[in-house]
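Input: a single structure, listed below in structure tokens.
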Amino acid sequence: QVQLVESGGGLVQAGGSLRLSCAASGIIFSIVNMAWYRQAPGKQRELVAVITSGGITNYADSVKGRFNISRDNGKNTVYPQMNSLKPEDTAVYYCNGILATIPRYAKWGQGTQVTVSS
């Protein structure tokens with residue numbers, strides 16, 4: 001059974017940094033393309049960053065140059081390093097596998113709240 005557990009969120013001032021983590025189990029992590037998503041209050045969930053099984057990364061324009069996604073296949077964990085945070089980055093952040101542009105797993109984790117104060 002797939003399990004995704006996000007952690008590392010918190011309250012940070014604008015311009016600050018956070019590093020989130022997502023630990024995955026129940027999957028062959030090393031061959032799965034992984035992604036981070038976020039959902040702000042009143043908005044749809046949006047794709048933020050992708051890292052392929054081979055380590056190729058891609059980012060939404062809104063976070064490009066500020067976020068850096070990485071993965072540790074030995075720990076079945078994917079990380080976004082989020083720098084120069086803005087109030088508009090405030091959201092609940094989730095990870096999931098990704099197939100093309102579609103979330104791979106139906107069961108989402110609980111997410112981790114990131115709040116950026118101005």
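The values are calculated or read from the model by the stated rules, or taken from the named source; none is laboratory data. From a predicted model like this one, the values you see are computed outputs, not experimental measurements. Positions of Cβ are backbone-derived with ideal geometry, glycine not excepted, and every protein chain shown enters the neighbour counts. Ligands, DNA and RNA are excluded from the accessible area calculation, which covers all protein heavy atoms including side chains. Shrake-Rupley method; radii C 1.70, N 1.55, O 1.52, S 1.80 Å.
Worth pointing out:
- Cut-off 14 Å (backbone N to label point 7 Å along Cα→Cβ of ALA40), residues of segment 80-103: 85-93
- With every protein chain in place, segment 43-107: carbon and sulfur % of accessible area (1.4 Å): 50
- Accessible solvent surface per residue of the chain, calculated while the other protein chains remain in place, 1.4 angstrom probe, Å²: 51
- Percent of alpha-carbon pairs separated by more than 25 Å within the chain: 15
- Length released on extending from ILE28 to ASN58, taking residue separation times 0.36 nm less the Cα-Cα span: 8.7 nm
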